[in-house]
Each structure stands twice: as C-alpha cells, then as structure tokens.
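Since the structure comes first, as structure tokens, the remarks are kept for the end.
Derivation of every value follows stated rules applied to the coordinates shown; laboratory data play no part. None of the values given here were measured: they were computed from a predicted structure. Note that we place each Cβ from the backbone using ideal geometry, even for glycine, and neighbour counts take in every protein chain shown.
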Amino acid sequence: MKLHYDTETEQLFALLDGEIDHHTSGRVRAELDAAVYAHTPRTLILDFQDVTFMDSSGIGLIMGRYKILRPLGGEIILLRPAPHIKRILRLAGMERLATIRQEVGKEVVQ
Amino acid sequence: MKILNEFRCSFPADSANEGLARATLSAFLIPADPTAQELADLRTVISEAVTNAIVHGYRGREGVVSVCLRMLPDRVVYLRVSDKGCGIPDVSKAMEPLYTTAPEEDRAGLGFAIMQTFTDSLQVRSIPDHGTTLTMRRKLRGHDSGNADG
C-alpha cells in the first residue's frame, strides 16, 4: 500500500494492492489508522485499482475507518473497484457510508 | 449424486491459509471454465467460510480446517468447509446480516450474507464445542448467460 497526504486539499490517498482478506487487512488497517490519526484528513480516498480480491474483511476495514472519520467530519471515497469488488461493496451497502467512484478526480494527487 | 471430481485438503487454522484456500479452489475450477464472475464469487465464498472457521470456530486457537471440493453433474460446484472449533450456539442469529461475535476486529458480520448471495444453497451444521460444517452448492451457468439452463 502507498499512502500520500495532500496538505492543501486535506486528502489522504491510499493506493491499496493485492488481496484484501482477514489475513492482510490487519496490516492495512494499522497503516491507514496511523496516517488517519496523524493527519485527520477531510477525505480518505481508498484506491482499489490494484486490488485483485476482497471479501467481507475489506467491508469491515471500510466500516471501521468510517467510524473513525465520521466524528472527525471526514468522508471516504472508494475509487476504481473492479466489478467483483463493486458487487461486494453494493451488497454491503457501502454506498451509504462512502462515495464509489470510477474516475480519478482532478483533486486527487497520486 | 455422482461425483465427477473431488479434492480434499486440511490445513492449520492460520489466516495465511485463507489465500491458499482461494488458490486451491481456483485451480480446481480451471477445467470447468467458470466465468470471471463465477470464479470471483466462489473465491469470495471459500474465503468467507475459511475465515469464519479461523476467526469464529477456533477464535485464534490452534485447529484444523478441512475443505472438500467437488464437481457434480450439470456443472454444480460443491464446497464443504468444516472445523472442529467452538460451534455456533444459535445458527439463525449468526446468519443475521451485520451480526458478529468479533466487532473489535472490524468484522463486518457479512460472511453468511455473502455466502448465501453467491451460492445456490448453503447448509450450516453446527454442534457447540464440536464444530461447524458449511456445505454450499453453486451451478456454473457458463459464458452463455442467456441460456442459463443449457
């Protein structure tokens, strides 16, 4: 995973990669939370472009970050999920907690 | 029912083996030529089942997870995942969406909902203190989705 924080837009950009399951999500969660608490971002962008697999552990990961960011006034954008990942996001009702987007907005700094 | 092919394996209840279970299933399904979605669905299903056994069946303790994969007639895939862990006292409660016994680990409580959605049938047999067996079936409808029964 690569992390980038843009101080101007207050966006924390996380380029996730590989397979997100119960085994791998713990490390991702620890790294994300360290950055979230360090910067208190206005927006957390989770980029799924390089994610090849995700099960409900990924949903837990998103829900947990939502619970942290929401009281801080932050929002979550789920970027470029593959069709099978989008299906799980929809099944879990993630569009109620976050914005699912296919395009990289011009505000996103990689 | 006639079994066209079968693969059985057992492995320690170590989270690193969740990926191994998915890879094993993918390899088993190659001759059946599933669609990308069928493959993705079934990989998710086995991942959920094996994770349940590790997280909820054994709760971090040592144990063995057993998987049985079968190819049945009419392109029906049979998956069975069993553990000898703590069992589920109330199966219907466990199957409620968002119910989880491990919220502190960011578990979404969606494992059963995903397994039910991505299979044609799901059977749960569980005896407290003896373990749980999940049995699932999913018919591969193939690349010609307009002719589902063909």
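Among DSSP beta bridges whose residues both lie in region A:2-101, state the antiparallel percentage, nearest 5. Let's see the in-between values first.
Values: 5 of 22 bridges.
DSSP beta bridges in region A:2-101 are roughly 25 percent antiparallel.
Going by the alpha-carbon gyration tensor, a ≥ b ≥ c the square roots of its eigenvalues, is region B:5-139 rounded (a/c under 1.5) or, if a/c is not under 1.5, prolate (a/b greater than b/c) versus oblate? Please list the in-between numbers first.
On the way: a/c = 1.71, a/b = 1.49, b/c = 1.15.
Prolate, because a/c is 1.5 or more and a/b exceeds b/c.
Can you tell me how region B:53-125 classifies by the Cα gyration tensor, rounded, prolate or oblate, using a/c under 1.5 as the rounded cut?
Since a/c reaches 1.5 but b/c is at least a/b, the shape of region B:53-125 is classed as oblate.
Where the only charges are on Cβ atoms (+1 Lys, Arg; -1 Asp, Glu), what is the dipole of chain A about its Cα centre, to the nearest 20 debye? Show your work: numbers first, answer last.
Values: 14 positive and 15 negative charges, 78 e Å.
Here the size comes out at about 380 debye.
Sorted from fewest to most neighbouring beta carbons within 10 Å, what does the list A:His84, B:His143 look like? Walk me through the numbers before you get to the answer.
Details: A:His84 18, B:His143 11.
Ordered by Cβ neighbours within 10 Å, fewest first: B:His143, A:His84.
Rank these for me by crowding, B:Ile30, B:Ile114, going from fewest to most other beta carbons within 10 Å.
Arranged by neighbour count, lowest to highest, B:Ile30, B:Ile114 become B:Ile30, B:Ile114.
What lysines could a cross-link reach from B:Lys93, if we take a straight Cα to Cα line under 25 Å and drop same-chain neighbours fewer than 8 places away?
Within reach: A:Lys67, B:Lys84.
Could you pull out every residue, at least 5 positions away or on a different chain, whose amide H is within less than 5 Å of the one on A:Asp55? Hs are placed 1.01 Å off N in the peptide plane, and Pro or chain starts have none.
Result for A:Asp55 returns A:Ile20.
Averaging sequence separations of C-alpha pairs under 8 Å and six or more residues apart, then dividing by the length of chain B, give the relative contact order as a whole percent.
The value is 26 percent.
I need the phi-derived Karplus couplings for region A:64-77: 6.51 cos²θ - 1.76 cosθ + 1.60, θ = phi - 60°, integer Hz, Gly and Pro marked x.
x, 5, 4, 5, 6, 6, 3, x, 8, x, x, 10, 10, 10
Based on alpha-carbon positions alone, could you give the equivalent ellipsoid semi-axes of the protein assembly as shown from the gyration tensor, as √(5λ), descending, whole Å?
33, 22, 15
Return the whole-Å distance between the Cα centroid of region B:1-43 and the Cα centroid of region B:49-95.
Here the two parts' Cα centres lie 13 Å apart.
Could you work out the relative contact order of chain A, using alpha carbon pairs under 8 angstrom and six or more residues apart, expressed as a whole percent? Let's see the in-between values first.
Details: 173 pairs, mean separation 31.2, N = 110.
That works out to 28 percent.
Treat the count of other C-beta atoms within 10 Å as a stand-in for reagent exposure and order B:Asp33, B:Asp83, B:Asp129 from fewest to most.
With the fewest neighbours first, B:Asp33, B:Asp83, B:Asp129 line up as B:Asp129, B:Asp33, B:Asp83.
I need to check one value: relative contact order of region A:14-63, counting alpha carbon pairs closer than 8 Å and at least 6 residues apart, in percent.
66 percent
If r is the Cβ-Cβ distance from B:His143 to A:Arg70 and R0 is 41 Å, what FRET efficiency results, to the nearest 0.05?
The formula returns an efficiency of 0.45 here.
Taking a cut-off of 19 Å between Cα atoms, list the lysines near B:Lys139, but don't count ones fewer than 8 places away on the same chain.
Here the lysines satisfying the reach criterion relative to B:Lys139 are B:Lys2.
Can you tell me the orientation of helix B:36-52 relative to chain B, as the angle in degrees between its alpha-carbon axis and the longest Cα principal axis, to the nearest 10?
Helix B:36-52 sits roughly 20 degrees off the main axis of chain B.
Kindly state, as a whole number, the per residue volume in cubic angstrom of the convex hull around the alpha carbon atoms of region A:2-101.
In region A:2-101, the Cα hull volume divided by residue count equals 83 Å³.
What is the distance, in nm, between label points placed 7 Å from the Cα along the Cα-to-Cβ direction at B:Val91 and at A:Glu103?
4.9 nm
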